[in-house]
Amino acid sequence: MAFIGAIGLLLAFTLFAVPAEEAEGGAKRVAVRRVGHPDPAEYVVIFLVLVFITAVEVALYYVEDFPRKGMIAVLLLLSGAKFASVVGWYMHLKFDSKLFTYLFVGGLMLALAVFTVVIATLQAGLV
Amino acid sequence: MAQATAVAHGHAAETNTGLDNRKLLMWLFLASDCLFFGSFIATYLLYRDRNVTGPYAKDLYDIPFTSVSSFVLLMSSLTMVLALAAIQRADMRQLRIWLVATALLGLTFLSGQAYEFTHFWESGLTLHQNLFGTSFFVLTGFHGAHVAVGVVILLSLFDASLRGKLTPDDTLAVELGGLYWHFVDIVWIVIFTLVYLIQPQ
């Protein structure tokens, strides 16, 4: 189940992949993807999307006949989408240097790997 | 290599990477914090349903209340990014408004956590009552501590802007504070789902 969430995150970051533009002149530099910033209206739209997703998650919690495994998968995907949205837009990772992405996603993947190994080894479970 | 002294967002720093080392360090710190919280979350999932005695999660969790807390923290992420947008267009008044709003929302979240902890404690769930209690309080307690540190950072930025120490050239300082604050929010996104919504059967 943890892998479903990880796959969701990876898909979200894949969607953010934008061809990098090389910085001009001088020593080799890590490419910056985009110089512009979202405007405040875009941030508000992202917020409304996050609130909507949270409402869907909470509503799903109260659906009694929903299969548990399916519910867990959907909840992990939804939280993965929220996670990626905040990281991509609010933390500007989508618009910043790819080096920041490598650093953060690298640490995140390492954390997920440790998490998965612990869960699998010691047989804790979501399901 | 020459180090940049003050770098506005989007301008290349005089470093090997063209990136400000302070921002690089912040992202590195956040990556390490992922490991920090990942281990606590794994421990919680491991221990939450291996208890000899109660109380248990299903007896205590108030999902509507925690949902409101989640909404508060989400809104604080919005106000934080609006604060950054304000300083980037040199609007210091709006910056201060959004910084205070973010800090107040953070304090509201912490108040909710304090209420929840008190309620759980009075219901018999203590740090040493059972494995669920230990892992829950450690995980959410450390998250709360991170939020508290974030509030201190926000109020420090607010104070600096009042005293004229924070100028429109100092967007990086607000950006770094914002990165930390958004990280605290995304950790809660994970905690809310894994701890509260996906309860043990």
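Each reported figure results from applying straightforward, stated rules to the coordinates on display, with no laboratory input. Because the structure is predicted, anything quoted here is derived from the model rather than measured. Note: ideal-geometry Cβ built from the backbone for every residue, glycine included; neighbour counts use all protein chains shown.
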### Amide hydrogen neighbours beyond the local backbone of A:S97, cut-off 5 Å, H modeled
A:R33
## Note on the structure
dims of segment B:149-201, Cα set, principal axes, largest to smallest, nearest Å -> 55, 16, 10
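For peptide B:44-54, what's the mean number of Cβ atoms from other chains within 10 Å of each residue's Cβ?
Going residue by residue through B:44-54 and averaging, the value is 2.
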### Query
Which Cα, out of A:Y61, A:L75, A:A111, lies furthest along the positive dipole direction of segment A:45-114 (beta carbon charges, K/R +1, D/E -1)?
A:A111
### Query
Based on the alpha-carbon gyration tensor of segment A:49-127 and its eigenvalue square roots a ≥ b ≥ c, which shape applies: rounded if a/c is under 1.5, prolate if not and a/b is larger than b/c, or oblate?
oblate
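What is the ratio of the Cα radius of gyration of segment B:48-137 to 2.2 N^0.38 Å, with N the residue count, to two decimals? Don't skip to the answer; put the middle values down first.
Values: Rg = 18.0 Å, N = 90, 2.2 N^0.38 = 12.2 Å.
So the Cα radius of gyration is 1.48 times the expected 2.2 N^0.38 Å.
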#### Entry: Nearest-ten-degree value, helix B:21-47 long axis tilted from longest Cα axis of chain B
0 degrees
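What ranking do B:F65, B:F137 get, fewest neighbouring Cβ atoms within 10 angstrom at the top?
Values: B:F65 14, B:F137 20.
So the residues, fewest neighbours to most, are B:F65, B:F137.
For Cα pairs less than 8 Å apart in space and 6+ apart in sequence, what is the mean separation divided by the residue count of segment B:112-201, i.e. the relative contact order in percent?
Details: 27 pairs, mean separation 20.3, N = 90.
Rounded, it is 23 percent for segment B:112-201.
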### Task
Evaluate peptide B:191-201: per residue, the Cβ atoms of other protein chains within 10 Å of its Cβ; return the mean as an integer.
6
## Note on the structure
Ranked by GNM mean-square fluctuation in chain B (Cα springs under 10 Å), the top entry among B:I153, B:I87, B:I63 is B:I63
### Dimensions in Å of segment B:9-74 - Rg and Dmax from alpha carbons
20.0, 59
### Query
Taking Cα pairs under 8 Å and at least six residues apart, what relative contact order does chain B come out at, in percent?
32 percent
### Per-peptide average of other Cβ atoms within 10 Å, ordering A:99-108, B:182-191 highest first
B:182-191, A:99-108
### Message
Checking the a/c ratio against 1.5 first, then a/b against b/c, what shape does the Cα gyration tensor give for segment B:77-201?
### Response
prolate
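In which sequence would B:S77, A:S79 go, from the one with the fewest C-beta neighbours within 10 Å to the one with the most?
On the way: B:S77 28, A:S79 25.
Ranking B:S77, A:S79 by Cβ neighbours within 10 Å, fewest first, gives A:S79, B:S77.
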### Message
What's the magnitude of the charge dipole for segment B:8-82 around its Cα centre, counting Lys and Arg as +1 and Asp and Glu as -1 at the beta-carbon? Answer in Debye, nearest 20.
### Response
120 debye
### Summary
Rg from C-alpha atoms of segment B:40-87, normalised by the globular rule of thumb 2.2 N^0.38 Å, equals 1.78
### Query
Which whole number gives the average, over all residues in B:77-83, of C-beta atoms from other chains lying within 10 Å of the residue C-beta?
6
### Summary
Whole-Å distance linking the alpha carbon centroid of segment A:70-117 with that of segment B:152-189 is 22 Å
